[in-house]
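Beneath this line is the structure, given in structure tokens, with notes to follow.
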Amino acid sequence: METFNTKTTSLLFILFVNALVFSQKNNEELFFNSIVKRKADKHNEVFFFIKASSFFIDKEWDSTLIYTSKQLDKTSIQTDIGDFLHYFRGFTFKKKKLFKEAQKEFELISLDFDYFDLVKMHMGQLSLEMKKYEDAIYFLKPLLILDNEKYKYINRNVILSNLAISNLHLGHFNKAEEYLLKNKELHEKIKDTINIINSYGNLANLYYEQYKDNLAIPYFEKAYQLSKKINNFQTKLATARNMAVVEENRNNYKKALAYRKEAEQWKDSLNNQNKIYEVAQLEKQFAVKQKQQEVDLLQVENKAKEVERNGLLYSALTLLILLGVTFYFYKEKNKTHKIIVAQKETLDALNATKDKLFSIVSHDLRSSVNALKTSNAKLLSNLEANNLSALDTLLQRNSGIVNGAYNLLDNLLHWALLQTKQSYFYIEPLRLFFITEQVSHNYKPLLEDQGLTFENSVLKTAKVLADQESLKIILRNLLDNAIKFSKPNGQIKIYTTVSRDFCNLIVEDTGLGMSADTVATLLRDTPNLAKKENEDIIGTGLGVQLCKSYIQKNNGVFSIESTLGKGTKMIVALPKTT
């Protein structure tokens, strides 16, 4: 009796555990799959994780292992994604009965994993499968006190059943009974008939194992009576066999034989059901093959159409590319043509400026040399006559001619250095008064010779940021122009005004002045030389061009205020400093 009971008990426990796992598969796993789907949607940029999640949901275990491995091979991976990947692998190995590999993957999951309680449940089931019953209890027992929210993806009945089995194998019958009774109460509460029958059977086997027939037999009978209300042949077969064993052990062979016959009927029905299922499967396979043939035919047709469509698409793309390349080269050609035309115009303007510059310079130098030649002839004549007064006048005149020629050549040199970008430039804080005083000192003889009054009213506290040498060149040219275009007995003033960010250096004269058109031409940003207002006065216009270039390099602003016949103000605004 003991040997037979043990075999029966083992058979029923295996049956009932599988039934509970099946229940979990249809409820809790579906809920967890929805969690996986949301996680994959959130990380839709992680390609291999998306593929692994899809195959996990579809229960394609080999593909799940392939794509989880590909994602885990990446050098950088988020912790939460890594936890899900290890969970997929652990669950997959468990399904493939590779329990040790499954255990290794679950152990790699971090404690911060949001569903770590689910990991504990799997670890408990793996321990049970590997007959490590104490480990199973260690993992499963804490799961009985979880929040109700977590039981959406963890089956409490499975935990109770597995704890009962673990305690039963360890000989802890009281604990096993406690868990089985709780399991029974849960099934009765939700009126799950099949699992109620399983609970009765588990309790009956537990008591039967301990020879507590008075407790075991009522549960066997309850399980048998309930099995009549369902259409599950496997359950009907198991309960009928159990009743046959019970009656045989009670020596009631007539009833035992009746239960045996009933069990055989359910076995035949189950076999017939299995045969019907097999036939249905064959029919399904045949239908699938037919559909597959139709699909293959459609795929061939679609492939032919796709080749044709791709051919047209590639032709259209090639044509578009050719048109695009043609348009691009046409556009580049026009762009290049415009650049060449603009460069040609600039070059023509520069050549015109160069030709005009050489013409004016050669004319002014010729005039200066001719004037010196005539003056020298007179100088020799007066020297013989010992006319000291005339000699002084002629020498003063010669000095002015030489200074003018020198200034012309000096401007030409600096202009050439600017054009070839060879001029030295260093901006530093400078006091304007000392610079203007130094430059104007060299012009005092010329000013006195022409009877001009000069006044330097530059503030001694005025400081600007500028390059000293270029500022001297600017001042020399502005003073030179003021003297050149002033009337006899006129007045020239240098003074400053201060604005918020600039210090304005102003050279003012009471000379010939300029028209508004001439002022606009002088201020225009062009490489051409300005047309002279007075053709009788020697000058190239190069000095003003040089001033504009140097003022710009000093981060300054150049402006002119002038009235024809009344005089001119040349204004140089330079950045001020303290």
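The values are calculated or read from the model by the stated rules, or taken from the named source; none is laboratory data. Note that the coordinates shown come from a computational prediction; the quantities given were computed from them, not determined experimentally. Don't worry about glycine lacking a Cβ; one is built from the backbone with ideal geometry, like all the others, and counts go over all protein chains shown. Only protein heavy atoms, including side chains, enter the accessible area calculation; ligands, DNA and RNA are left aside. Shrake-Rupley method; radii C 1.70, N 1.55, O 1.52, S 1.80 Å.
Overview of values
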{"read-out": "Model label zone, R500; criterion: amide N under 20 Å from point 7 Å along Cα-to-beta-carbon; scope segment 549-578", "value": "555-559, 572-578"}
{"read-out": "At R0 = 51 Å, FRET efficiency that the Cβ-Cβ distance of Q210 and K104 yields, to 0.05", "value": "0.85"}
{"read-out": "Heavy atoms of M121 accessible to a 1.4 Å probe, total area in Å² rounded to 10", "value": "0"}
{"read-out": "Set of lysines with alpha-carbon distance to K150 below 20 Å, sequence-local pairs under 8 removed", "value": "K25, K37, K39, K120, K141, K182, K189"}
{"read-out": "HN-Hα J in Hz across segment 162-169 - Karplus 6.51, -1.76, 1.60, θ = phi - 60°, x for Gly and Pro", "value": "5, 5, 4, 5, 4, 5, 4, 5"}
{"read-out": "Distance between segment 466-488 and segment 111-156 - C-alpha centres, whole angstrom", "value": "96"}
{"read-out": "Sparse-neighbourhood loop sites, chymotrypsin sites (Phe, Trp or Tyr not before Pro) in segment 192-258 - DSSP loop, at most 12 other Cβ within 10 angstrom", "value": "Y211"}
{"read-out": "Set of lysines near K335 by C-alpha distance (under 18 Å), chain-local residues within fewer than 8 positions excluded", "value": "K344"}
{"read-out": "Listed residues S381, S269 arranged by accessible area, highest first, probe 1.4 Å", "value": "S381, S269"}
{"read-out": "Pairs from K104/K131; K131/K222; K484/K566; K175/K222; K131/K184; K97/K131 whose Cα-Cα separation, in the structure shown, is over 19 Å", "value": "K131/K222; K175/K222; K131/K184"}
{"read-out": "Extended-chain gain in nm, criterion 0.36 nm per residue less alpha-carbon gap, N398 and Y253", "value": "36.5 nm"}
{"read-out": "Local electrostatic count at K39 - Lys and Arg +1, Asp and Glu -1, tallied over other residues with Cβ under 11 Å", "value": "-1"}
